[in-house]
1. Compute, for D132, the solvent-accessible surface of its heavy atoms (probe 1.4 Å) with the complete set of protein chains present, and express it in square angstrom to the nearest 10.
2. Sorted by mean Cβ packing within 10 Å, highest first, what order do the peptides 366-379, 210-223 take?
3. Where the accessible area of the stretch 160-302 is counted over protein heavy atoms with a 1.4 Å probe, how much of it, in %, is carbon and sulfur?
4. Please go through the residue pairs K60/K290; K61/K111; K207/K408; K112/K287; K114/K451 and name each one whose alpha carbons sit more than 25 Å apart in this structure.
5. Hey, can you rank 338-350, 478-490 by average C-beta count inside 10 Å, highest first?
6. So with the 1.4 Å probe, I'd like the accessible area per residue for the stretch 222-371, rounded to whole Å².
7. How many angstrom separate the Cα center of the stretch 170-195 from the Cα center of the stretch 39-81?
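The values are calculated or read from the model by the stated rules, or taken from the named source; none is laboratory data. What you see is a predicted model, and the numbers here were worked out from it, not measured in a lab. Virtual Cβ from ideal backbone geometry, glycine too; neighbours counted across all protein chains shown. Side chains included, ligands, DNA and RNA excluded: accessible areas come from the protein's heavy atoms. Shrake-Rupley method; radii C 1.70, N 1.55, O 1.52, S 1.80 Å.
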Amino acid sequence: KLQEVAADAFDGELDDGYAAKEVFEQNKANIGLTYDDVIFLPGHIDFGVEDVDLSSHVTKKVALKTPFVSSPMDTVTESAMAIAMALHGGLGVIHYNMSIEEQCAEVRKVKKFKNGFITEPTVLAPHHTLADVDRVKAQSGHSGIPVTVDGGLHSKLVGIVTKRDIDFLEDRTLKISDVMTTDLVVATEPVTLREANEVLRRSKKGKLPVVNDKYELVSLISRTDIAKAHDYPLSSVDGEKRLLCGAAIGTRPHDRDRFLALVDAGVDVVVLDSSQGDSVFQIDMVKWIKAQKPDVQLVGGNVVTRRQAHHLIQAGVDGLRVGMGVGSICTTQEVCACGRPQASAVYHVARYARRFGVPVIADGGIGNTGHIIKALSLGASCVMMGSLLAGTAETPGVYFFQDGVRLKRYRGMGSLAAMKQGSEKRYFASSTKVKVAQGVAGTVVDKGSLKNYIPYLTTGVRHGFQDLGYARLANLQDAVADGRVRMELRSAAAQREGGVHGLHSYSTSDAYLPHSARPRFNHHHVAALFSSLGSLGCGVVALGGLSGVNVGVGRRVWRPGNTRPPMATF
């Protein structure tokens with residue numbers, strides 16, 4: 001009898017929570033909502049995590065298999081980041097805080113990249129000496145160096161100098177031409193990585209130069225690089241199987257020259273970069289671009305309201321970037337009193353843009369995989385990430401140590417430091433005498449390589465989709481729009497309850513990073529430890545995994561600034 005009653009229950013009686021329309025459009029409190037303010041209620045699971053498909057569109061014509069886009073910030077995206085993002089199915093947008101020539105060079109690096117191929121190898125000329133080889137090895141670690149007629153790429157290959165050629169020679173003034181190997185095994189373009197691997201296997205060589213039909217060097221393949229190379233089935237590629245690449249430009253008249261140069265360099269997606277996208281400057285730029293190059297995919301923004309979105313859609317953009325003042329290093333909302341909480345901005349703009357088939361990129365406010373899931377569910381086709389990717393190996397800049405922690409610098413494009421390098425036009429401040437910062441500069445902890453980090457993020461998103469009961473992004477967004485996916489608002493107490501609590505201490509790195517992406521203790525950490533503990537007069541330090549470190553006693557203690565290395569025994 002109870003089963004019959006349950007079977008006859010009206011579906012509406014089983015609907016806990018509220019529809020997105022009730023939460024965002026019938027909000028009697030008149031408040032904007034952030035990602036942390038809302039929580040989705042779980043659905044029914046009838047598929048595995050591996051069945052989740054995250055494919056989406058970043059613009060009308062450009063599709064991605066992973067809905068991740070890296071932000072065009074000068075401490076986030078240059079060619080290394082763009083390559084890594086594209087290999088994992090996303091898209092990198094190269095910043096424009098550099099000259100036109102430099103930005104175009106970064107785009108070309110991405111377009112020319114082939115997984116496993118060294119497209120810009122170090123090259124020497126026959127007149128160079130063994131001392132030059134030593135210098136290259138010290139700087140880059142390369143021991144197998146191709147030799148061309150003029151010492152450059154795209155020049156005739158004449159030999160290769162390897163470790164075995166020079167190891168036992170004492171005279172370092174000898175010319176390379178006297179010792180280099182000239183009996184070469186090469187591959188001729190076009191060649192696949194699999195074919196190159198087979199040549200290396202048969203020849204038992206460590207390096208394989210790739211030449212064109214004129215015997216000019218075009219790239220180099222290393223046995224060790226092939227061993228490390230991954231197969232990336234989700235790669236974002238164009239019709240010629242080249243990696244996709246995005247680039248940002250401003251909205252001023254001189255940015256038209258930058259746009260045309262980027263198109264010649266092969267860019268696939270152009271992002272108009274402005275903190276407030278609803279301006280006559282951007283609308284004029286959109287119309288001009290569409291008149292000059294109608295097939296170039298163009299993303300406009302940033303916007304947070306339907307009216308802003310309407311103006312740019314009418315102008316002809318192929319995608320919209322949503323977010324204003326919500327980035328971790330952005331202070332626009334505090335300084336200018338303009339912006340919108342990100343969950344509300346994404347929901348309302350995406351709901352309007354959907355009528356016209358214009359994809360929306362949720363830009364900013366992404367701090368974890370839960371935020372990514374919420375942004376996508378509320379209508380975003382992709383998420384643009386800055387702080388979440390900052391600190392990875394592929395970001396520009398170098399690592400440094402502070403208080404024994406390995407860090408990288410990260411700054412907002414509205415910070416004074418970034419404005420001095422050219423980003424002031426993003427904030428309409430090019431001609432102002434007094435610069436008002438709309439961002440800050442700071443540091444972030446080392447997150448490791450994207451090779452491990454992106455798979456970790458995508459797996460977390462897939463788990464979220466599974467808990468919601470939808471294996472396809474389009475199906476999930478349809479369910480949110482028509483009220484089948486339910487949600488609730490979270491009180492401050494509920495947000496505390498949903499996070500880590502009740503512990504004396506815990507490690508966020510263990511909670512949010514895969515094991516292979518966690519910072520490891522290496523010789524850099526040892527040096528930092530010497531510097532910190534040596535100044536305190538410590539003698540012997542026991543380290544997990546190491547037998548011990550003798551940092552010195554008495555006068556032999558190594559202190560910061562000493563040129564003499566510490567006494568150390570492992």
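1. 40 Å²
2. Numbers: 366-379: 23.1, 210-223: 18.6.
Per-residue mean Cβ counts within 10 Å order the peptides as 366-379, 210-223.
3. On the way: 3640 of 7390 Å².
Of all accessible area on the stretch 160-302, carbon and sulfur atoms account for 49 percent.
4. On the way: K60/K290 14 Å; K61/K111 18 Å; K207/K408 33 Å; K112/K287 30 Å; K114/K451 16 Å.
Flagged as over cut-off: K207/K408; K112/K287.
5. On the way: 338-350: 24.6, 478-490: 17.4.
So the order, starting with the most tightly packed, is 338-350, 478-490.
6. Working: 5990 Å² over 150 residues.
Roughly 40 Å² per residue, with all protein chains present.
7. 42 Å
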